[in-house]
Amino acid sequence: QVQLVTSGGGLVQPGGSLRLACAAFGSISSIRVVGWYRQAPGKQRELVATLFTGGYTNYADSVKGRFTISNDNTQNTVYLQMNSLKPEDTAVYYCNADLKKHTYSAYEVYWGQGTQVTVSS
């Protein structure tokens, strides 16, 4: 079984920084896309950033220039570095990965548990 474990959330003041991590455990053959999403109270879950195999990245306009998605393939971990945080960044953050467990299996999407990020003075 594959499990994504998220960490790094917390309370930070406006202008501060946090780094989220999402580690993948289990039998994994390859990962095609990894991403971070967030959901604020009363709002739909929205895409924050994605990282494709080969290094291509994509960001929501609201976080461009402030957030950076990266990965450590040796650790099967994806990070989200969040700088210049704003109160409107407050949300539960989720990671996901489009991966396959074996060479001949199909790609499937897995989600990590959410981690709360609160930006407040």
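Charge tally for Gln3 (other residues, Cβ to Cβ under 14 Å; Lys, Arg +1; Asp, Glu -1): 0. Our estimate of slack between Tyr104 and Glu88, defined as 0.36 nm per intervening residue step minus the Cα-Cα distance, is 1.5 nm.
Here Thr103 sits with roughly 90 square angstrom of accessible surface, probe radius 1.4 Å. Over the C-alpha atoms of the chain, the Rg to Rh ratio, Rh being the Kirkwood estimate, stands at 0.98. In the context of the full protein assembly, Ser30 retains an accessible surface of approximately 40 Å², using a probe radius of 1.4 Å and ignoring ligands and nucleic acids. For the chain, the relative contact order is 37 percent, taking Cα pairs closer than 8 Å that sit 6 or more residues apart in sequence and dividing their mean separation by the residue count. Net charge in the neighbourhood of Phe52 (other residues with Cβ under 13 Å of its Cβ; Lys, Arg +1, Asp, Glu -1) is 0. Of the residues Asp98, Asp72, Asp89, ranked by 1.4 Å probe accessible area with the largest first, the sequence reads Asp72, Asp98, Asp89. A Cβ-based charge dipole, computed about the Cα centre of the chain with Lys and Arg at +1 and Asp and Glu at -1, lands at about 20 debye.
The values are calculated or read from the model by the stated rules, or taken from the named source; none is laboratory data. Just so we're clear, the structure is a prediction, and the values are computed from it rather than from any experiment. Here Cβ is always computed from backbone atoms with ideal geometry, including for glycine, and neighbour counts include all displayed protein chains. Note: areas computed on protein heavy atoms with side chains; ligands, DNA, RNA excluded. Shrake-Rupley method; radii C 1.70, N 1.55, O 1.52, S 1.80 Å.
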